[in-house]
Amino acid sequence: MILDVSSKQFASTKKPIPPTLVGMNLGEIRALLAERGEPVYRANQIARWLYREGVSNANDMSDLPCSLRERLAQEIRISPYEVVVERTADNNLTRKALLRLADGSLVETVLMRYPANDRQRARNTVCVSSQVGCAVGCPFCATGFLGLKRHLTAGEIIGQVIYFNQRLRQLQANDARVTNVVFMGEGEPLANFQNVWSAIELLNAPECVGLGARRVTVSTSGLAPRIRELGTKSLEVGLAISLHAPTDDLRNRLVPVNRKYPIAELIDACREYVAQTNRRVSFEYALMRDVNDSIEQARTLARLLDGLLAHVNLIPLNRVEGSLFQPTPWSRMLAFQKTIQASGISCTVRSERGDAIDGACGQLRARLEQSPTANASSPARRELPDW
Ligand code: SF4
């Protein structure tokens, strides 16, 4: 069977998620006010409270008239989630929050703080989820084992960034803000293209979050047609490809969407993206011991990316309880990196984050949901593919 993770196939058939103010753009807030006979110029004030101040209660919007505040509080929800638990690791530099959405779904979001150093300013990066679960089903990923439940709305996506903007302000008691957003949490972002793109527009809009498009990176398992579509958009966001294997034979098993969009088609779409945006594409490669970490595989990867404006980001595999996949030893990771670099392609090793708080996406949710389904399809119960 050919895997189809397009938005159409997996659009939720269940009842619609109730709208929230968070997730509305300026035009939509104006329309909401106009419908109620309220002055539309209040929309800018409301947007500031939602996206800059992060308020979750209309009564806190102190420059609105009392009557409007009360009306908003009674008639529409502001925030799309409530926080179930937040955990910290890495000396408080990493925070993972589990959020409960209106329909009871749970979703994870992560903040990674990087203090300033000689080469870079301080960064606060939020890794957002775009779906509840994921249909792609990569066998090394905790989210993949949970399957897809539904797409997140634009409000549920941007709400994750607003949440951590608030937390940063509370924690650092200054004007610290989220500086970068990466769509690398739960889900395949390009399978939820419309909502992801609406969230990106809200992130970028000066009257909303006001984050530069170049500070946003969308990661995909390789939906080639959607990569091409992304390249035509007006905002030039960064693109990351979850590659994880340099040959179709291996990638068909590690990233099953490859059966539909094989590597040659994926690389073609990346070339087009580079031509359209002039932006370098980042290739994410989670190193798994004795699976994809040989020097020969590094050479194959280098040949594959030859001539493409590309960067390789090697990822130490997060340990998932009961998983068949083991992290590559550090020495082998460095040898793999050197092989890629020797071919003239820039290659870095991503710092490990959040191992103590179920750092890999989907792990915390799987643990807390403890659903029979999650347990039944846990990595330990799957058969090891014939490598
Ligand atoms: S690695 Fe990404 S694409 Fe693969 S199953 Fe997990 S969330 Fe989905």
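Values quoted throughout were computed directly from the atomic coordinates according to the rules given, and no laboratory measurement underlies them. Please read these numbers as outputs of a predicted model, since none were measured by experiment. FYI the Cβ positions are ideal-geometry reconstructions off the backbone, even for glycines, and counts take in every protein chain you see.
A few comments on the model shown:
- Crossing angle, helix 295-304 versus the chain [Cα axis fit, 0-90 degrees, rounded to tens]: 60 degrees
- Nearest 10 degrees, 0 to 90: helix 193-204 Cα axis against the chain principal axis: 60 degrees
- Normalised by residue count, the range 215-308 yields a Cα convex hull volume of 87 Å³ per residue.
- Here the residues L230, L32, ranked from fewest to most Cβ neighbours within 10 Å of their Cβ, fall in the order L32, L230.
- For H244, H311, order by how many other beta-carbon atoms lie within 10 Å, fewest first: H311, H244
- Lys, Arg +1 and Asp, Glu -1 on Cβ, resulting dipole of the chain about Cα centre, debye, nearest 20: 340 debye
- Backbone HN-Hα couplings from phi across the range 247-255 [Karplus 6.51/-1.76/1.60, Hz, Gly and Pro as x]: 10, 4, 4, 6, 5, 4, 8, 7, 10
- Normalised contact order of the chain, rounded percent, pairs of Cα under 8 Å and 6 or more residues apart: 15 percent
- Amide H partners (placed H, <5 Å) of L317, local residues excluded: L287, T328
- Angle in degrees between helix 263-277 and the longest Cα principal axis of the chain, rounded to the nearest 10: 50 degrees
- Interchain or long-range residues, amide H under 5 Å from V312's placed H: F283, S346, C347, T348
- In plain terms, the residue of Y114, Y261, Y285, Y41 with the fewest other Cβ atoms within 10 Å comes first and the most crowded comes last, giving Y41, Y114, Y261, Y285.
- Gyration tensor (alpha-carbon) shape descriptor, the range 80-381, a/c threshold 1.5: rounded
- Amide hydrogen proximity for R77: with H placed 1.01 Å from N in the peptide plane, the residues at 5 or more positions away or on another chain lying under 5 Å are L21.
- Cα gyration tensor shape of the range 26-75, rounded if a/c is under 1.5, else prolate or oblate by comparing a/b with b/c: oblate
- Residue-count net charge about S343 - beta-carbon cut-off 14 Å; Lys, Arg +1, Asp, Glu -1: +1
- Each of A89, N117, C66 was placed along the dipole of the range 54-123 (beta-carbon charges, centred on the mean Cα), and the one lying farthest toward the positive end is N117.
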